[in-house]
Amino acid sequence: FNFTKEWLVAAAVRYEDYSDFGSTLNGKLSTRYKLGNYVLRAAASTGFRAPSLHQLYFSATSSLFQEGVISNSGTFTNDSRVAKLLGIPQLNEEKSKSVSAGVTANWGKFKLSVDGYFIRIDDRIVYTGAFTGSNAAGASDQDKEIYQLLQQANATSARLFANAIDTETRGLDVVLTYQDRFGRGKLRGDLSATFSKTNVVGDVHASDLLKGKESTYFDRSSRIYLESAVPRTKVNLSLNYSLDKWNVYLRNVYFGEVDGATNTIADSQVFSAKVVTDLSLGYAFTKNVSLTVGANNLFDIYPDKTNVGGLRGAGYFLYSRTGQQFGTGGRFAFARLSLNL
(Lines give C-alpha, C1' and ligand atoms only; values in the text may rest on other atoms or scores of the structure.)
Protein backbone atom coordinates (compact mmCIF):
# COMPACT_ATOMS: atom_id res chain seq x y z
CA PHE A 1 0.00 0.00 0.00
CA ASN A 2 1.32 3.46 -0.96
CA PHE A 3 0.49 5.69 1.98
CA THR A 4 2.07 8.56 0.07
CA LYS A 5 3.92 8.90 -3.23
CA GLU A 6 7.18 8.34 -1.33
CA TRP A 7 6.17 5.76 1.27
CA LEU A 8 5.36 2.14 0.42
CA VAL A 9 4.44 -0.62 2.90
CA ALA A 10 4.07 -4.30 1.98
CA ALA A 11 2.91 -7.23 4.09
CA ALA A 12 2.58 -10.96 3.46
CA VAL A 13 1.23 -13.90 5.44
CA ARG A 14 1.86 -17.58 4.68
CA TYR A 15 0.15 -20.61 6.23
CA GLU A 16 1.41 -24.17 5.72
CA ASP A 17 0.31 -27.51 7.09
CA TYR A 18 2.73 -30.45 7.09
CA SER A 19 1.60 -34.02 7.69
CA ASP A 20 4.76 -34.69 9.74
CA PHE A 21 5.27 -31.37 11.55
CA GLY A 22 1.93 -29.69 11.98
CA SER A 23 1.06 -26.20 10.82
CA THR A 24 2.98 -22.95 10.75
CA LEU A 25 2.04 -19.32 10.22
CA ASN A 26 4.71 -16.89 9.03
CA GLY A 27 4.70 -13.30 7.93
CA LYS A 28 6.76 -10.49 6.49
CA LEU A 29 6.48 -6.71 6.78
CA SER A 30 8.57 -4.39 4.65
CA THR A 31 8.69 -0.68 3.94
CA ARG A 32 10.40 1.70 1.52
CA TYR A 33 10.69 5.47 1.67
CA LYS A 34 12.00 7.73 -1.13
CA LEU A 35 13.88 10.82 -0.03
CA GLY A 36 15.24 12.74 -3.01
CA ASN A 37 18.20 10.76 -4.38
CA TYR A 38 17.97 8.30 -1.51
CA VAL A 39 15.76 5.30 -0.84
CA LEU A 40 15.41 3.91 2.68
CA ARG A 41 14.15 0.36 3.16
CA ALA A 42 13.58 -2.13 5.97
CA ALA A 43 11.98 -5.52 6.49
CA ALA A 44 11.18 -8.03 9.22
CA SER A 45 9.99 -11.60 8.79
CA THR A 46 9.60 -15.02 10.34
CA GLY A 47 10.50 -18.25 8.58
CA PHE A 48 10.13 -22.03 8.69
CA ARG A 49 12.01 -24.91 7.08
CA ALA A 50 10.96 -28.53 7.30
CA PRO A 51 13.73 -31.17 7.34
CA SER A 52 14.78 -32.30 3.88
CA LEU A 53 14.28 -35.86 2.63
CA HIS A 54 17.93 -36.83 3.04
CA GLN A 55 18.03 -35.45 6.58
CA LEU A 56 15.03 -37.62 7.42
CA TYR A 57 15.74 -40.85 5.58
CA PHE A 58 19.33 -41.13 4.36
CA SER A 59 21.43 -43.89 5.92
CA ALA A 60 24.75 -45.36 4.77
CA THR A 61 28.15 -46.55 5.88
CA SER A 62 31.19 -44.98 4.24
CA SER A 63 34.95 -44.70 4.73
CA LEU A 64 36.04 -41.30 6.01
CA PHE A 65 39.44 -39.73 6.57
CA GLN A 66 39.24 -38.06 9.99
CA GLU A 67 42.13 -36.65 12.00
CA GLY A 68 44.64 -38.70 10.01
CA VAL A 69 42.77 -42.01 10.37
CA ILE A 70 40.51 -43.84 7.90
CA SER A 71 37.40 -45.27 9.56
CA ASN A 72 33.99 -46.59 8.60
CA SER A 73 31.37 -44.09 9.70
CA GLY A 74 27.67 -44.83 9.63
CA THR A 75 24.90 -42.30 9.07
CA PHE A 76 21.72 -43.39 10.87
CA THR A 77 18.20 -42.02 10.65
CA ASN A 78 16.45 -40.36 13.57
CA ASP A 79 14.05 -43.25 14.01
CA SER A 80 16.89 -45.78 14.29
CA ARG A 81 17.74 -47.73 17.43
CA VAL A 82 21.06 -45.86 17.68
CA ALA A 83 19.18 -42.53 17.81
CA LYS A 84 16.89 -43.89 20.52
CA LEU A 85 19.85 -45.07 22.61
CA LEU A 86 21.45 -41.63 22.37
CA GLY A 87 18.22 -39.83 23.17
CA ILE A 88 18.18 -37.96 19.88
CA PRO A 89 14.55 -37.03 19.08
CA GLN A 90 12.76 -37.02 15.75
CA LEU A 91 13.67 -34.08 13.56
CA ASN A 92 11.59 -30.93 13.90
CA GLU A 93 11.34 -27.85 11.76
CA GLU A 94 13.83 -24.97 11.89
CA LYS A 95 12.32 -21.61 12.83
CA SER A 96 13.82 -18.24 11.95
CA LYS A 97 13.39 -14.52 12.53
CA SER A 98 15.13 -11.87 10.46
CA VAL A 99 15.36 -8.11 10.18
CA SER A 100 17.14 -5.98 7.60
CA ALA A 101 17.59 -2.32 6.80
CA GLY A 102 19.33 -0.50 3.99
CA VAL A 103 19.77 2.62 1.93
CA THR A 104 20.42 3.26 -1.75
CA ALA A 105 21.73 6.50 -3.18
CA ASN A 106 21.94 7.82 -6.73
CA TRP A 107 24.52 10.56 -7.24
CA GLY A 108 24.56 10.48 -11.03
CA LYS A 109 27.84 8.79 -11.94
CA PHE A 110 27.96 7.11 -8.52
CA LYS A 111 25.39 4.69 -7.13
CA LEU A 112 25.55 3.24 -3.63
CA SER A 113 23.69 0.43 -1.87
CA VAL A 114 24.20 -0.54 1.78
CA ASP A 115 22.20 -3.27 3.54
CA GLY A 116 22.55 -4.75 7.02
CA TYR A 117 20.79 -7.85 8.25
CA PHE A 118 20.29 -10.08 11.28
CA ILE A 119 19.01 -13.67 11.16
CA ARG A 120 18.16 -15.89 14.12
CA ILE A 121 17.59 -19.63 13.49
CA ASP A 122 16.25 -21.82 16.29
CA ASP A 123 16.56 -25.63 16.32
CA ARG A 124 19.01 -25.59 13.43
CA ILE A 125 19.64 -29.02 11.92
CA VAL A 126 23.27 -30.15 11.96
CA TYR A 127 25.21 -33.32 11.20
CA THR A 128 26.44 -34.55 14.55
CA GLY A 129 29.93 -35.64 15.48
CA ALA A 130 30.86 -39.32 15.57
CA PHE A 131 29.49 -41.38 18.44
CA THR A 132 31.23 -44.64 19.30
CA GLY A 133 30.05 -47.40 21.57
CA SER A 134 32.21 -49.61 23.74
CA ASN A 135 32.56 -53.33 24.35
CA ALA A 136 34.77 -52.89 27.40
CA ALA A 137 33.94 -54.81 30.54
CA GLY A 138 33.01 -51.66 32.44
CA ALA A 139 31.01 -50.06 29.63
CA SER A 140 27.35 -49.16 30.17
CA ASP A 141 24.56 -51.23 28.63
CA GLN A 142 23.85 -48.25 26.36
CA ASP A 143 27.43 -48.14 25.01
CA LYS A 144 27.54 -51.94 24.60
CA GLU A 145 24.34 -51.97 22.52
CA ILE A 146 25.57 -49.05 20.40
CA TYR A 147 28.81 -50.96 19.83
CA GLN A 148 26.90 -54.08 18.72
CA LEU A 149 24.65 -52.08 16.37
CA LEU A 150 27.69 -50.43 14.80
CA GLN A 151 29.32 -53.83 14.30
CA GLN A 152 26.20 -55.04 12.49
CA ALA A 153 26.40 -51.99 10.20
CA ASN A 154 30.14 -52.56 9.63
CA ALA A 155 30.83 -49.15 11.15
CA THR A 156 33.03 -47.87 13.96
CA SER A 157 31.07 -44.68 14.61
CA ALA A 158 27.58 -43.24 14.17
CA ARG A 159 26.47 -39.81 12.99
CA LEU A 160 22.97 -38.41 12.71
CA PHE A 161 21.05 -35.28 11.77
CA ALA A 162 19.65 -33.44 14.76
CA ASN A 163 18.09 -30.12 15.84
CA ALA A 164 21.15 -29.37 17.94
CA ILE A 165 21.79 -25.61 18.00
CA ASP A 166 20.52 -22.05 17.70
CA THR A 167 22.47 -19.58 15.56
CA GLU A 168 22.63 -15.86 14.85
CA THR A 169 24.00 -14.29 11.67
CA ARG A 170 24.91 -10.64 11.29
CA GLY A 171 26.00 -9.14 7.99
CA LEU A 172 26.57 -6.05 5.91
CA ASP A 173 26.52 -5.82 2.10
CA VAL A 174 27.91 -2.76 0.32
CA VAL A 175 27.85 -2.06 -3.44
CA LEU A 176 29.33 1.08 -5.07
CA THR A 177 29.08 1.62 -8.83
CA TYR A 178 30.73 4.29 -11.00
CA GLN A 179 30.07 4.82 -14.70
CA ASP A 180 31.33 7.61 -16.98
CA ARG A 181 33.16 8.39 -20.19
CA PHE A 182 36.93 8.15 -19.89
CA GLY A 183 38.86 9.54 -22.84
CA ARG A 184 37.17 8.23 -25.97
CA GLY A 185 35.73 5.18 -24.25
CA LYS A 186 33.41 4.20 -21.40
CA LEU A 187 34.56 3.13 -17.94
CA ARG A 188 32.50 1.21 -15.41
CA GLY A 189 33.73 0.33 -11.95
CA ASP A 190 32.02 -1.87 -9.36
CA LEU A 191 33.14 -2.26 -5.76
CA SER A 192 31.17 -4.72 -3.65
CA ALA A 193 31.88 -6.09 -0.20
CA THR A 194 30.25 -8.62 2.11
CA PHE A 195 30.94 -8.82 5.83
CA SER A 196 29.12 -11.57 7.71
CA LYS A 197 29.46 -13.59 10.89
CA THR A 198 27.52 -16.61 12.10
CA ASN A 199 27.70 -17.71 15.73
CA VAL A 200 26.20 -20.48 17.79
CA VAL A 201 24.22 -19.00 20.69
CA GLY A 202 23.19 -20.70 23.89
CA ASP A 203 23.80 -24.31 24.83
CA VAL A 204 23.76 -27.35 22.58
CA HIS A 205 20.33 -29.02 22.70
CA ALA A 206 21.41 -32.33 24.23
CA SER A 207 19.14 -34.89 25.83
CA ASP A 208 19.70 -36.24 29.34
CA LEU A 209 21.35 -39.31 27.81
CA LEU A 210 23.89 -37.03 26.11
CA LYS A 211 24.87 -35.02 29.17
CA GLY A 212 28.63 -34.73 29.11
CA LYS A 213 28.76 -35.63 25.40
CA GLU A 214 27.81 -32.21 24.03
CA SER A 215 31.30 -31.87 22.51
CA THR A 216 30.54 -34.93 20.38
CA TYR A 217 26.92 -34.05 19.63
CA PHE A 218 28.11 -30.73 18.14
CA ASP A 219 31.87 -31.04 17.96
CA ARG A 220 34.60 -28.46 17.49
CA SER A 221 34.97 -29.28 13.81
CA SER A 222 31.26 -28.70 13.15
CA ARG A 223 31.41 -25.35 14.95
CA ILE A 224 34.33 -24.22 12.76
CA TYR A 225 32.49 -25.35 9.61
CA LEU A 226 29.56 -23.20 10.64
CA GLU A 227 31.39 -20.13 11.96
CA SER A 228 34.73 -19.69 10.19
CA ALA A 229 35.51 -22.29 7.49
CA VAL A 230 34.37 -19.89 4.74
CA PRO A 231 35.47 -16.26 4.35
CA ARG A 232 33.63 -13.83 6.59
CA THR A 233 34.91 -10.97 4.43
CA LYS A 234 34.85 -10.85 0.65
CA VAL A 235 35.57 -7.76 -1.46
CA ASN A 236 35.23 -7.56 -5.25
CA LEU A 237 36.61 -4.69 -7.37
CA SER A 238 35.95 -4.90 -11.12
CA LEU A 239 36.78 -2.42 -13.88
CA ASN A 240 35.43 -2.58 -17.42
CA TYR A 241 36.66 -0.26 -20.19
CA SER A 242 35.15 -0.19 -23.67
CA LEU A 243 36.68 1.69 -26.63
CA ASP A 244 35.23 1.23 -30.11
CA LYS A 245 35.51 -2.53 -30.78
CA TRP A 246 37.83 -3.21 -27.83
CA ASN A 247 36.95 -4.21 -24.29
CA VAL A 248 39.18 -4.70 -21.25
CA TYR A 249 37.95 -6.34 -18.05
CA LEU A 250 39.92 -6.46 -14.78
CA ARG A 251 38.69 -7.98 -11.52
CA ASN A 252 40.34 -8.35 -8.14
CA VAL A 253 38.65 -10.44 -5.45
CA TYR A 254 39.78 -10.38 -1.82
CA PHE A 255 39.00 -13.53 0.16
CA GLY A 256 39.27 -13.16 3.94
CA GLU A 257 41.02 -15.66 6.18
CA VAL A 258 39.40 -18.96 7.15
CA ASP A 259 40.00 -21.69 9.73
CA GLY A 260 40.58 -25.34 8.98
CA ALA A 261 37.94 -27.50 10.65
CA THR A 262 39.45 -30.02 13.06
CA ASN A 263 38.67 -31.49 16.44
CA THR A 264 42.34 -31.53 17.45
CA ILE A 265 43.43 -28.17 18.87
CA ALA A 266 47.09 -28.88 18.07
CA ASP A 267 46.16 -29.23 14.37
CA SER A 268 44.37 -25.86 14.21
CA GLN A 269 45.42 -23.68 11.30
CA VAL A 270 44.37 -20.29 9.97
CA PHE A 271 44.61 -19.78 6.21
CA SER A 272 45.52 -16.20 5.39
CA ALA A 273 43.60 -13.78 3.20
CA LYS A 274 44.34 -13.76 -0.55
CA VAL A 275 43.64 -11.61 -3.60
CA VAL A 276 42.80 -13.31 -6.92
CA THR A 277 43.03 -11.32 -10.18
CA ASP A 278 41.17 -11.97 -13.45
CA LEU A 279 41.99 -10.13 -16.70
CA SER A 280 40.52 -10.38 -20.20
CA LEU A 281 40.77 -8.50 -23.51
CA GLY A 282 38.00 -8.64 -26.07
CA TYR A 283 37.60 -7.50 -29.68
CA ALA A 284 34.38 -7.39 -31.72
CA PHE A 285 35.07 -8.22 -35.38
CA THR A 286 31.46 -7.58 -36.27
CA LYS A 287 28.22 -6.96 -34.47
CA ASN A 288 27.79 -10.72 -34.06
CA VAL A 289 31.34 -12.11 -33.81
CA SER A 290 33.81 -11.36 -31.00
CA LEU A 291 36.99 -12.86 -29.57
CA THR A 292 38.08 -12.74 -25.93
CA VAL A 293 41.41 -13.88 -24.49
CA GLY A 294 42.31 -13.74 -20.85
CA ALA A 295 43.21 -15.50 -17.64
CA ASN A 296 41.40 -16.28 -14.42
CA ASN A 297 43.70 -16.15 -11.40
CA LEU A 298 46.26 -14.31 -13.51
CA PHE A 299 49.05 -14.40 -10.91
CA ASP A 300 48.60 -18.11 -10.12
CA ILE A 301 47.53 -17.62 -6.49
CA TYR A 302 46.91 -20.62 -4.25
CA PRO A 303 45.53 -20.97 -0.72
CA ASP A 304 48.07 -21.53 2.06
CA LYS A 305 49.35 -25.08 2.22
CA THR A 306 48.35 -27.25 5.15
CA ASN A 307 50.91 -27.91 7.86
CA VAL A 308 52.74 -31.21 7.81
CA GLY A 309 50.55 -33.68 9.71
CA GLY A 310 47.31 -32.34 11.11
CA LEU A 311 45.07 -31.19 8.27
CA ARG A 312 47.48 -32.65 5.72
CA GLY A 313 46.90 -36.10 7.15
CA ALA A 314 49.37 -38.64 5.79
CA GLY A 315 50.51 -36.17 3.14
CA TYR A 316 47.53 -36.61 0.82
CA PHE A 317 46.00 -33.16 1.25
CA LEU A 318 48.39 -30.35 0.29
CA TYR A 319 45.53 -27.84 0.55
CA SER A 320 42.80 -27.83 3.16
CA ARG A 321 39.62 -29.80 2.56
CA THR A 322 37.91 -28.21 5.55
CA GLY A 323 38.60 -24.47 5.14
CA GLN A 324 37.98 -23.26 1.60
CA GLN A 325 38.41 -19.75 0.19
CA PHE A 326 38.74 -20.48 -3.53
CA GLY A 327 39.82 -23.31 -5.81
CA THR A 328 43.24 -24.90 -6.02
CA GLY A 329 43.49 -25.06 -9.82
CA GLY A 330 45.76 -22.01 -10.11
CA ARG A 331 45.92 -19.92 -13.29
CA PHE A 332 43.42 -20.69 -16.05
CA ALA A 333 44.11 -19.12 -19.46
CA PHE A 334 41.42 -19.12 -22.14
CA ALA A 335 40.37 -17.91 -25.59
CA ARG A 336 36.66 -17.59 -26.37
CA LEU A 337 35.04 -17.00 -29.73
CA SER A 338 31.44 -15.81 -29.51
CA LEU A 339 28.83 -15.90 -32.23
CA ASN A 340 25.49 -14.14 -31.61
CA LEU A 341 22.66 -15.12 -33.95
* To do: Would you be able to say whether some residue in the stretch 47-69 is open to solvent by 90 Å² or more (accessible area, probe 1.4 Å), among the aromatic types (Phe, Trp, Tyr), closer than 29 Å to ARG120 by Cα and in a strand (DSSP E or B)?
  => no
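Say we look at the stretch 211-244 and pick out the residues that are charged (D, E, K, R) and within 27 Å of ASP123 (Cβ to Cβ); which of these is surrounded by the fewest Cβ atoms within 10 Å (Cβ to Cβ)? Give the derivation first.
In the first step, residues of the stretch 211-244 are kept if they are charged (D, E, K, R); the result is 211, 213-214, 219-220, 223, 227, 232, 234, 244.
Pick out the ones that are also within 27 Å of ASP123 (Cβ to Cβ) and you get 211, 213-214, 219-220, 223, 227, 232.
Working: LYS211: 9, LYS213: 17, GLU214: 15, ASP219: 20, ARG220: 16, ARG223: 20, GLU227: 17, ARG232: 15.
Per the criteria, the residue is LYS211.
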* To do: Among residues belonging to the stretch 72-83 that are exposed (fewer than 15 other Cβ atoms within 10 Å of the Cβ) and outside any loop (DSSP other than H, G, I, E, B), point out the one that is nearest to the chain's Cα centre (by Cα).
  => ASN72
* To do: Mind listing whichever residues of the stretch 227-275 are closer than 30 Å to LYS186 by Cβ and in a loop (DSSP other than H, G, I, E, B)?
  => ASP244, LYS245
* Could you figure out which of (1) assigned to a loop (DSSP other than H, G, I, E, B); (2) under 23 Å from SER238 (Cβ atoms); (3) open to solvent by less than 50 Å² (accessible area, probe 1.4 Å) isn't true of SER290? => (1)
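Residues in the stretch 23-35: is at least one over 30 Å from VAL308 (Cα atoms), in contact (Cβ under 8 Å) with a residue 12 or more places away in the chain and not in a strand (DSSP E or B)? Even if it seems obvious, please write down each step before you answer.
At the first step, the residues of the stretch 23-35 found to be over 30 Å from VAL308 (Cα atoms) are 23-35.
If we keep only those that are in contact (Cβ under 8 Å) with a residue 12 or more places away in the chain as well, we get 24-35.
Restricting the remaining residues to those that are not in a strand (DSSP E or B) gives none.
No, there is no match, as no residue in the stretch 23-35 is over 30 Å from VAL308 (Cα atoms), in contact (Cβ under 8 Å) with a residue 12 or more places away in the chain and not in a strand (DSSP E or B).
Quick check on my filter: what residues within the stretch 103-131 are of a type in the set (Ser, Thr, Tyr) and open to solvent by 60 Å² or more (accessible area, probe 1.4 Å)? So that I can check it myself, show each step before the final result.
Quick first cut of the stretch 103-131, residues of a type in the set (Ser, Thr, Tyr) only: 104, 113, 117, 127-128.
TYR117, TYR127 - these are the residues of the stretch 103-131 that are of a type in the set (Ser, Thr, Tyr) and open to solvent by 60 Å² or more (accessible area, probe 1.4 Å).
For LEU112, are the conditions met, namely being under 26 Å from the mean Cα position of the chain (by Cα), closer than 30 Å to GLY309 by Cβ and in a strand (DSSP E or B)? If you could, list the steps in order and put the result at the bottom.
Working: under 26 Å from the mean Cα position of the chain (by Cα): yes; closer than 30 Å to GLY309 by Cβ: no; in a strand (DSSP E or B): yes.
Judged against the criteria, LEU112 is not a match.
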* For the stretch 120-132, state whether one or more residues are touching a Gly at 6+ places or on another chain (Cβ under 8 Å) and either modelled with pLDDT under 95 or of a type in the set (D, E, K, R) (or both). => no
* **Filter pass, ASP208 being among the acidic types (Asp, Glu), closer than 21 Å to LEU160 by Cβ, open to solvent by 60 Å² or more (accessible area, probe 1.4 Å) and modelled with pLDDT of 90 or more** => no
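In the stretch 12-22, how many are over 15 Å from SER98 (Cβ atoms) and either assigned to a strand (DSSP E or B) or open to solvent by less than 70 Å² (accessible area, probe 1.4 Å) (or both)?
Taking the stretch 12-22 first, the residues over 15 Å from SER98 (Cβ atoms) are 13, 15-22.
Cutting the leftovers down to either assigned to a strand (DSSP E or B) or open to solvent by less than 70 Å² (accessible area, probe 1.4 Å) (or both) gives us 13, 15-18, 21-22.
Residues meeting the conditions: 7.
The values are calculated or read from the model by the stated rules, or taken from the named source; none is laboratory data. Just so it is clear, the structure is predicted and the values come from calculations on it, not from any experiment. Cβ: placed from backbone, ideal geometry, glycine included. Neighbour counts: every protein chain shown. What goes into the accessible areas is simple: the full protein's heavy atoms, side chains included, and nothing from ligands, DNA or RNA. Shrake-Rupley method; radii C 1.70, N 1.55, O 1.52, S 1.80 Å.
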